[in-house]
Amino acid sequence: MLGWIVWILGWIVWIFGAFICVVNFYLTFLRYPIIQAKGKCRDDYRFISGVPLFGSTFVIFAWVFWIRHEGSLLLDVATWSLAVFDTGGIHWLLAMEVWQWLEDRRGADAESSEEERRGSEGEEL
């Protein structure tokens, strides 16, 4: 009896996490183009944040502890696809932090090379 309860709980957690993953993806990538397609202007658009951390965490947690034992390749692919495309996941947070760090570093490198170029032009005069 307890096995069925745990199995059902695993599916509930997975479905809830999958729903959050889909909502995060929609809010990040699909909502704005849909609003534009309806003919509304950019001023009508208001950014709405998704649910950070929980979607992919719930999906992977449910998969690791309950669902991976089902032995379904389709379910495995669905789980990891949802997790990857969950823009509220920790992996997106880390990726954006690295991207921002690289952008800041590139900007600092461009500024220093610009200053060096100006300095060398001043010496030539």
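The values are calculated or read from the model by the stated rules, or taken from the named source; none is laboratory data. None of these values were measured; they are calculated from a predicted model. Positions of Cβ are generated from backbone atoms using ideal geometry, with glycine treated the same way; all protein chains shown enter the neighbour counts.
Can you name the condition, by its number, that residue 57 falls short on among (1) surrounded by fewer than 11 Cβ atoms within 10 Å (Cβ to Cβ); (2) within 19 Å of residue 23 (Cβ to Cβ)?
Evaluating residue 57 over (1) surrounded by fewer than 11 Cβ atoms within 10 Å (Cβ to Cβ); (2) within 19 Å of residue 23 (Cβ to Cβ) leaves (1) as the failure.
Just to confirm my filter: which helices (runs of 4 or more DSSP H) fall fully inside the stretch 26-98 and include at least 2 residues that are of a type in the set (Val, Ile, Thr) and under 30 Å from residue 10 (Cα atoms)?
Fully inside the stretch 26-98 and qualifying: 54-65, 73-85.
Listed here are the residues, each with its yes/no results for (1) surrounded by fewer than 12 Cβ atoms within 10 Å (Cβ to Cβ); (2) modelled with pLDDT under 95; (3) of a type in the set (Lys, Arg).
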| residue | (1), (2), (3) |
| --- | --- |
| 10 | no, yes, no |
| 33 | yes, yes, no |
| 37 | yes, yes, no |
| 42 | yes, yes, yes |
| 48 | yes, yes, no |
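Considering only residues of the stretch 60-101 that are at pLDDT below 90 and small (Gly, Ala, Ser), which is surrounded by the fewest Cβ atoms within 10 Å (Cβ to Cβ)?
By that ranking, first place goes to 71.
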